[in-house]
Amino acid sequence: MADVNTQQQRQISPAQRNQYFSQLTRQHIQALPAKPWTEGSTISFEIPKARLLAKIKLLVTASVNVQHAADVVFVPFENAPFTLVRKIEVNLNNGFSPYVISGVQAYIMNLLGVNGSAVSPVRDTNVITNASRAKNVMGLSADTAANGGADNRIQMVIDLPIALNDRDPAGLIMLQAPDVLVNVNVTMGTLLSDLFNAPLGYTAALSNATIQPIIETYSIPAPMEARPDLSILKLVQGRTETITAAGSKVIALPTGNMYRKLAVWIKDATGGEADGDLSTDFKLKLNTADQPYSIPHRVLAEMNQMDYGRTLPAGVFVFDFSKNSGVPNFGTPRDYIDTAQLTQFELEFTAAAAGSVEYIYETLSVLKR
């Protein structure tokens, strides 16, 4: 009977299988117990072995008391408070990690959707009233030690989508399989080193700091033909390379998987490179001879603004191969770049100064049956 069901499942088109799945499954959203975090700590969570995993949200909260002899407002790093999260890893079976990114890299990827404007943090000296309902908030107040300092609320809601998107079930992870164990590990930074752009003269104290995962899962339909294809796994990885000097920079991108998105964040000594400092085309090369993309940086920035409805942070540029339907992340595979047969996949641009470049890539891997 299992062979018959398997054969029937293979004869059904992906669109039919997705339709059956949407009709026979049920969404579940559940919060796991929160855990406290301290500066420099790594907090681990085991995801319950039930249903199909579609998304993980991380609710990171804290209160930071800031003291300074004269300043009443402190200056945070660019893209704070996400700078406070040094590493996020979703680990599968204690060996394979489909997600390995920093907090800032996760923030950049969260911006790449139709609701990207809601992701930008509300940063102000007072986040107690209306802004307290925003997705991401951070207070910027300081006061003297004699006055007891100033308490600042920090909140981040970091989305880690496991499935392709809210429509297509590709990428779901079968949590209740006996050989599957999923863990989420979050490594936090330190306040003065990772939050303050100019920490001299400041003291900062952490309190009420917690991390809480909220998981979105789907029930498993009984009919085999209504179960989604679980052979596809979505990978989101971030890497950093040094830019030694102004001039041409070539990044050799990993090959072997199908690319859906590629984001780069070019930084100099002061943070993200301003558009006015750059003078470059971004070029994607496949096996040297094939160059499907050569786009001036200002045009790529304009394309990103049109796609996501907002300007991206300074120095951030995105090649999005998943948006050909006109809606980010919901396009067909038409423009995906399959690097399985490539020996070379490179991104080339011209850097304006020494610094670094972080690049985040979302790919699809087909698991061996």
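The single condition among (1) part of a helix (DSSP H, G or I); (2) under 25 Å from SER120 (Cβ atoms); (3) not acidic (Asp, Glu) that ARG334 does not meet is (2). Being in contact with a Phe, Trp or Tyr (Cβ under 8 Å, 6 or more places away or on another chain) and over 24 Å from THR240 (Cβ atoms), is that true of even one residue in the range 303-320? Taking every residue of the range 303-320 in turn, none turns out to be in contact with a Phe, Trp or Tyr (Cβ under 8 Å, 6 or more places away or on another chain) and over 24 Å from THR240 (Cβ atoms). Residue check: LYS261 meets all listed conditions (1) within 23 Å of LEU364 (Cβ to Cβ); (2) touching a Gly at 6+ places or on another chain (Cβ under 9 Å); (3) not β-branched (Val, Ile, Thr) but one, namely (2). Give me a count of the residues in the range 193-229 that are of a type outside the set (D, E, K, R), over 22 Å from the mean Cα position of the chain (by Cα) and assigned to a loop (DSSP other than H, G, I, E, B). Looking only at that region, the number is 12. The condition of being farther than 27 Å from VAL85 by Cα, assigned by TED's automatic domain parsing to the domain that holds GLU358, among the basic types (Lys, Arg) and surrounded by fewer than 16 Cβ atoms within 10 Å (Cβ to Cβ) holds for ARG298.
Note on the range 228-248: residues that are within 22 Å of LYS55 (Cα to Cα) and in contact with a strand residue (DSSP E or B) (Cβ under 9 Å, 6 or more places away or on another chain) total 10. With the structure loaded, tell me whether THR270 is without any contact (Cβ under 8 Å) to a residue 12 or more places away in the chain and surrounded by fewer than 15 Cβ atoms within 10 Å (Cβ to Cβ) or whether it fails that test. Here the answer is yes, as THR270 does meet what is asked.
Those strands (runs of 3 or more DSSP E) of the range 1-98 in which at least 3 residues are surrounded by 14 or more Cβ atoms within 10 Å (Cβ to Cβ), at pLDDT 95 or above and in contact with a strand residue (DSSP E or B) (Cβ under 9 Å, 6 or more places away or on another chain), considering only elements entirely within it, cover 52-67, 85-92.
Before we move on, is PRO169 within 23 Å of GLY113 (Cα to Cα), at pLDDT below 95, in the same structural domain as LEU53 (by TED's automatic domain parsing) and not aliphatic (A, V, I, L, M)? For PRO169, the condition - within 23 Å of GLY113 (Cα to Cα), at pLDDT below 95, in the same structural domain as LEU53 (by TED's automatic domain parsing) and not aliphatic (A, V, I, L, M) - is met.
Are any residues in the range 313-341 hydrophobic (A, V, I, L, M, F, W, C) and modelled with pLDDT under 95, and if so, which ones? Matches in the range 313-341: ALA314, VAL327, PHE330, ALA340.
Residues in the range 132-140 include none that are surrounded by fewer than 22 Cβ atoms within 10 Å (Cβ to Cβ), at pLDDT 95 or above and either within 30 Å of GLN19 (Cβ to Cβ) or of a type in the set (Ser, Thr, Tyr) (or both). Give all pairs with beta carbons closer than 6 Å in which a residue from the range 280-295 that is part of a strand (DSSP E or B) meets a residue that is among the aliphatic types (A, V, I, L, M); count only pairs at least 6 apart in sequence or on separate chains. Note: pairs meeting the criteria are PHE282/ILE295; PHE282/LEU300; LEU284/LEU347; LEU286/LEU342; TYR293/LEU284.
Filtering ALA204, ALA252, ALA226 for residues that are at pLDDT 95 or above and surrounded by 20 or more Cβ atoms within 10 Å (Cβ to Cβ) leaves a single hit, ALA204.
Candidates in the range 229-249 are the residues that are surrounded by fewer than 15 Cβ atoms within 10 Å (Cβ to Cβ) and touching a Ser or Thr at 6+ places or on another chain (Cβ under 7 Å); of these, the one that is farthest from VAL100 (Cα to Cα) is GLY247. Listed conditions (1) in contact (Cβ under 8 Å) with a residue 60 or more places away in the chain; (2) within 20 Å of the chain's Cα centre (by Cα) are all met by ALA134, apart from (1). Just one of the listed residues (LEU24, LEU32) is more than 20 Å from the chain's Cα centre (by Cα), of a type outside the set (Val, Ile, Thr) and under 21 Å from MET156 (Cβ atoms), namely LEU32.
Per the listing VAL114, VAL104, VAL122, VAL157, the residue uniquely buried (at least 16 other Cβ atoms within 10 Å of the Cβ), more than 13 Å from the chain's Cα centre (by Cα) and closer than 21 Å to GLY309 by Cβ is VAL122. One residue stands out among those in the range 241-293 that are of a type in the set (S, T, N, Q) and either under 25 Å from the mean Cα position of the chain (by Cα) or not assigned by TED's automatic domain parsing to the domain that holds ALA352 (or both): the one that is farthest from THR350 (Cα to Cα), which is ASN257.
The values are calculated or read from the model by the stated rules, or taken from the named source; none is laboratory data. This is a predicted model, so every value here is computed, not measured. Note: ideal-geometry Cβ built from the backbone for every residue, glycine included; neighbour counts use all protein chains shown.
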